[in-house]
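A quick write-up on the structure given underneath.
Where a number appears in this text, it was derived from the coordinates with a stated rule and is not lab data. The shown structure was predicted, so the numbers you read here are calculated from the model rather than taken from an experiment. Cβ coordinates were reconstructed from backbone atoms using ideal geometry, including for glycine residues, and neighbour counts include every protein chain displayed.
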Amino acid sequence: MQIAILGNADSITRQDNSLLIKTAQAEARVWVYSPTIIRICVTKNGKEPDESFAVIEKPLDNFNWQKLTDTVEVTTSALKLVIDLHPLRFSFFTADGKPLSEDDPRFGINWQAERVVNYRKLYPDEKFLGLGEKAGDLNRRGCNYVNWNTDAALHTITSDPLYKTFPFFIGLHSGLSYGLFFDNTHKSYFDFGASTDEQMSWFGADGGDMNYYFFGAQGLRNILEDYTWLTGRMEMPPLWSLGYQQCRWSYMNAQEVLDVARKFREKDIPADVMYCDIDYMDGYKIFTWNKETFPDPKGMIDELKSMDFRLVTIVDPGIKIDQDYKQYKEGVDHGYFATYPNGELYVGSVWPGRCHFPDFFNEEVREWWGASFDALADPGVEGFWNDMNEPAAWGQNIPWMVKFGERFMPQVRNVYGMQMARATYNGTKHILKGKRPFILTRAAYAGTQRYSALWTGDNAATDEHMLFGQRLVNSLGLAGMPMTGVDIGGFMGNPTPELMVRWNSLGPYVPMFRNHAALGMSMREPWQWGEAYEQIIKKDIEQRYKLLPYIYSGFYQSTQTGLPLSRTLAIDYTDDENIYDSGFQNQFLFGDSILVAPVVSTAETAEVYLPGGEWYRLSSDEKFVGNQTIDVPSPLTELPVFVKAGGIVPMQNIIQSTNEPGDGILQIHIWNGDQANSFIYYEDDGVTYDYQQGVYYKRSITFNPQKKEVTFSPVEGIYISRYSKLRLIWHGFAKMPDVEVKQSNDLLTINY
Ligand code: MIG
C-alpha cells in the first residue's frame, strides 16, 4: 500500500475566494468563513471537493494572506494560519501567536490508498470533547471512535459506533480552546491520543477529502455559536412537543391509544403526546393504516385532540415490494430507489419483508417522500418519527456497491438518515400549512438540527444506561443538537419501579421528555408502579409543565446561539478539573440557571460537585457555597437539583397539556445573589411560524441586587402574552411577599 504524504508546495495562487496550493499529489484550498472560522480542503489532484450536507454558509470573498520565505500566513482579527510549504503543513495560532492546533510536522495529512488521514500534535494537557452520540467519558482523551451509522440494537454503554455521525470535536489545552469539524461523510475515525504514545491525535476517513473547518473562537459558547452558524440552528419546536410524550412499541389499536390518553386525563397527570409505533400500519407499509386495528384514524385523532393530545406516528425508509402498494409502484415507475451498479433495484429485508430504499439524495425523491405524508397528516398527525434510517436492514450490512444516484453506500451511509429527516421535515412543513411539524430521527449527521429532534435509540432499563443517556444528551448538545432525549425507562428490559421513578425525575430536565419501551416489555405509563410511585412520577411531570416558560425561552436561545438546554458543565466551567471527574461528569446545567445531578435509583444520598458561585437546592432553597463537593439526600422523591444564585426562572401553574390556558400568571422565580443577572424571556403562539414575521413576545428580565430592583425591558415583537399577570417570587431573600403586577409591554421596574 502506498502512503502518500503531502509533499512540498509547488505553487500558490488566489483562486476565486480561496487560496490554492498545489503539490505533486494534491491540491489544498483555504477559505476564510469568518475571522474565527477557516476551512481547509485537500483533495487528490484533479478532484473537486465533495458537496457538503452540513454547511449552509459561504466563505468570505477576501482575506489577508502573505507569502514569506518558507511559509504562507493567513491572518484574521482572531486567528493566524501558518502554512509551511516544505513540506505542506497547516498550523493554527491565536492572533497573538499562541498555538491552538498544529499538524504533526512529520506526518501531517496523508493518504493510505483511498484513506485520508490528518495527524496532529497532541499537547500534554489537551482534552477532547464532542462527537455527539458517543460512548465513553466527557473527556475523550485516550479514546478512539468510528462514525458509521449503525442500528445499534442491544448496545451497551461502551458500544461504538452508535446511530449518528457528528465529526465535530472541541480541543482544550493551555487555557485555550478550538473546534474542528471534519466534514466528510465516509466512514470516519477519530483518535484522541490512543496508542500514539502521547505524541499525536488523528482523524481520517475511508474516502473523500481532507476537508475540515477550524474554529478558533475562545470559549465553548463561542465555538458552539460559530459551529451552529456554519451548520444551522433549529427552528422553534412546536410547544406541544415539549410536553410529556408517551410512547411504546406499540399501542396496538385505536382503543388502546385512546384509553391511555384518557387515563392521563382521568388521573390529572399532564401529557401532550401519544405515539403510534410500527403496528398502526397495514403490513408495515409506510403511509398506510391497518384497517382492522385503526379503522378510523381521523376519528381517533379527533378524539385525541378533544383531549388535547397530539399524535406522532413512526415511518421507516424501507418500502415494501408489493404490486398493490402506491409508494412501491410510484417509486419503481420513477426510479426513486437505490440500485445495484447494473441498474437492478437493491433489495433488503426489514419489518415489511423485502423492501426497496428511497434515494433521499435526489431532490425529486425527497419531494415525493415528503408529499406522501398526506396519508398521515390528513387525518391529523403532526409528529413524524423517522426510525431505521442508518439505514437498517436485517443483517445490517447493506453492500458497498449499492448506489444512490451517482454515490455509493460507503459515501452516503452516515448522511442517509439526515436526508430522510430533511425530506420528512420539508414535506410535512408544507402539508401542515404553517403549523410546525415535529420530526424525530434516530440516525443523523452534522446539521440535522435544521430538520429534526433526536433520540438515542435502543437503550436498556438499567441505572448505568440512565447515566450514560444523560451524557449522550449533553454531548449531542455540544454537537449543535439541542432537541434530544432518551427512552425514559429503558427500551430493552424492565426497569425496577425505583428506576422508573428516578428516570422520570430526570425527565423534566431533558430537552425531550419521552417514555418508550420495546415490544414485550412491561407497560410503562405512570400508573403502572403503584399509587405511591405514581404520585412521584406525577409530580415530576407536573414539574415539567411548571418549567415550560423557562424551557421554551431556552429553546429560543438555542435557535439564536446554538446553546442547548442540557449543557455539560464543560460549557460554562471549562477550566474546572472536577467537572471531568467520572463521578461528576454526568452533571449538567439545564438552561442558564438550573444544575442537575443524575443519581442512580439505588442511592438515597448523592455526592454532588457544585462549581464556583453559590447555589440553592431547588426543592428547599437551602443554600450552598460552590467549588466543593457536598453530600445531599436524594430519596426517590427528590433528585438533586440546584439553582445558581441570581438565577431567574420563569414558571407557570400546573396545566394538563400545553393547550390549556392556565391561570394567566407568569411566575418569575428569583434566587438571591450578589451579582446582577438577566434572562431573555421569549414567547410565541407555539404552533405556527408567525414568529418569523415578528409575532413573538420577548423581553429581558434583569435582577440587580445592588439597586435592589428587578426590571422587565420593553417588550419586543407583536405577540400578546398568554399571561395577563407577572408574579415575582423570591427565594433566599429575607422574608418578602410575592409581588404581582399587570402585564404591560412597557419598561417595568420593581424595587424591593
Ligand atoms: O427493529 O419500531 O429504535 O424505538 O420502537 C426495531 C419498533 C424497530 C427501533 C426503534 C424503536 C422502535 C422499534 N424500532
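The reciprocal of the average 1/r between distinct C-alpha atoms defines the Kirkwood hydrodynamic radius, which for region 364-435 equals 13.4 Å. The H on the amide N of residue 310, modeled in the peptide plane, is under 5 Å from the matching H of 273, 274, each at least 5 residues off or on a different chain.
When the Cα positions of 220, 163, 144 are compared along the charge dipole of region 3-231, 220 comes out farthest toward the positive end, with charges on each C-beta of Lys, Arg, Asp and Glu. Label zone (residue 678, point 7 Å along Cα-to-C-beta; backbone nitrogen cut-off 18 Å) within region 559-587: 560-561.
Assigning unit charges at the beta carbon (Lys, Arg +1; Asp, Glu -1) and nothing else, what dipole magnitude in debye, to the nearest 20, does the chain show about its Cα centre?
In debye, rounded to 20, the chain gives about 860.
Taking GluC sites (Glu not before Pro) as exposed when their DSSP state is a loop state and no more than 15 other Cβ atoms lie within 10 Å, the longest site-free interval of the chain runs over 407-603. Provide the FRET efficiency to the nearest 0.05 for the residue 330-residue 582 pair, computing r from the beta carbons and using R0 = 35 Å. It comes out at approximately 0.10. Going from the residue with the fewest nearby Cβ atoms within 10 Å to the one with the most, 685, 621, 387 rank 621, 685, 387.
In a reduced charge model with +1 at each Lys and Arg Cβ and -1 at each Asp and Glu Cβ, region 630-752 shows a dipole moment near 380 debye about its Cα centre. In straight-distance terms, cross-link reach from residue 164 covers every one of the lysines whose alpha-carbon lies under 19 Å from its own, apart from those fewer than eight places away in the same chain; here that gives 134, 187.
Subtract the Cα-Cα distance of residue 602 and residue 733 from 0.36 nm times their separation in residues, and report this length gain in nm to one decimal.
On the way: separation 131, 0.36 × 131 = 47.16 nm, distance 3.49 nm.
Full extension from residue 602 to residue 733 adds 43.7 nm.
Taking label positions 7 Å along the Cα-Cβ direction at both residue 340 and residue 539, the computed distance is 6.2 nm, reported to one decimal.
Where a ≥ b ≥ c are the square roots of the eigenvalues of the C-alpha gyration tensor, would you call region 1-77 rounded, which needs a/c under 1.5, or, failing that, prolate if a/b is larger than b/c, or oblate? Because a/c hits 1.5 or more and a/b fails to exceed b/c, region 1-77 counts as oblate. The three principal axes of the Cα atoms in region 3-231 give end-to-end lengths of 54, 37, 37 Å, sorted in falling order. Per residue of the chain, the DSSP helices (runs of n ≥ 4 H) give a summed -39500 (n - 2.57) that works out to -5500 deg cm²/dmol at 222 nm. Evaluating kT/(6 pi eta Rh) at 10 °C and 1.306 mPa s, with the Kirkwood radius of the chain over Cα pairs in the Stokes-Einstein relation, gives 59 µm² s⁻¹.
Going from the residue with the fewest nearby Cβ atoms within 10 Å to the one with the most, 702, 150, 156, 749 rank 749, 156, 702, 150. For region 597-689, just say rounded, prolate or oblate: build the C-alpha gyration tensor, square-root its eigenvalues into a ≥ b ≥ c, call rounded for a/c under 1.5, and beyond that prolate if a/b exceeds b/c, oblate if not. Note, shape of region 597-689 comes out oblate. Farthest towards the positive end of the charge dipole of the chain, among the residues 236, 69, 467, is the Cα of 69, using unit charges on the Cβ of Lys, Arg, Asp and Glu.
Counting lysine pairs in region 12-102 whose alpha carbons fall under 22 angstrom apart, excluding pairs fewer than 8 residues apart on the same chain, gives 9. Applying D = kT/(6 pi eta Rh) to region 115-209, where Rh is the Kirkwood radius over alpha-carbon pairs, T corresponds to 20 °C and eta to 1.002 mPa s, the Stokes-Einstein value obtained is 157 µm²/s. Relative contact order for the chain: 10 percent, from Cα pairs under 8 Å spaced at least 6 residues apart, divided by residue count. Can you give the net charge of the other residues whose Cβ lies under 9 Å from the Cβ of residue 338, counting K and R as +1 and D and E as -1? Around residue 338, the charge tally is 0.
Look at the Cα gyration tensor of region 342-473: its axes a ≥ b ≥ c give a/c of at least 1.5 with a/b at or below b/c, and that counts as oblate.
Amide H contacts of residue 460: 491, 492, each under 5 Å away and 5 or more positions distant or on a separate chain (H built 1.01 Å from N in the peptide plane; Pro and chain starts excluded). Around the Cα centre of region 3-231, unit charges on the Cβ atoms of Lys, Arg, Asp and Glu (plus for the first two, minus for the last two) sum to a dipole of about 180 debye. Farthest toward the positive end of the dipole of region 627-738, out of 710, 721, 635, is the Cα of 710, where the dipole comes from beta carbon charges about the Cα centre. Rounded to 0.05, the FRET efficiency of the residue 96 and residue 663 pair, given R0 = 56 Å and the Cβ-Cβ distance, is 0.50. Legend: ranking of residues 22, 644, 127 from fewest to most surrounding C-beta atoms inside 10 Å; resulting order 22, 127, 644.
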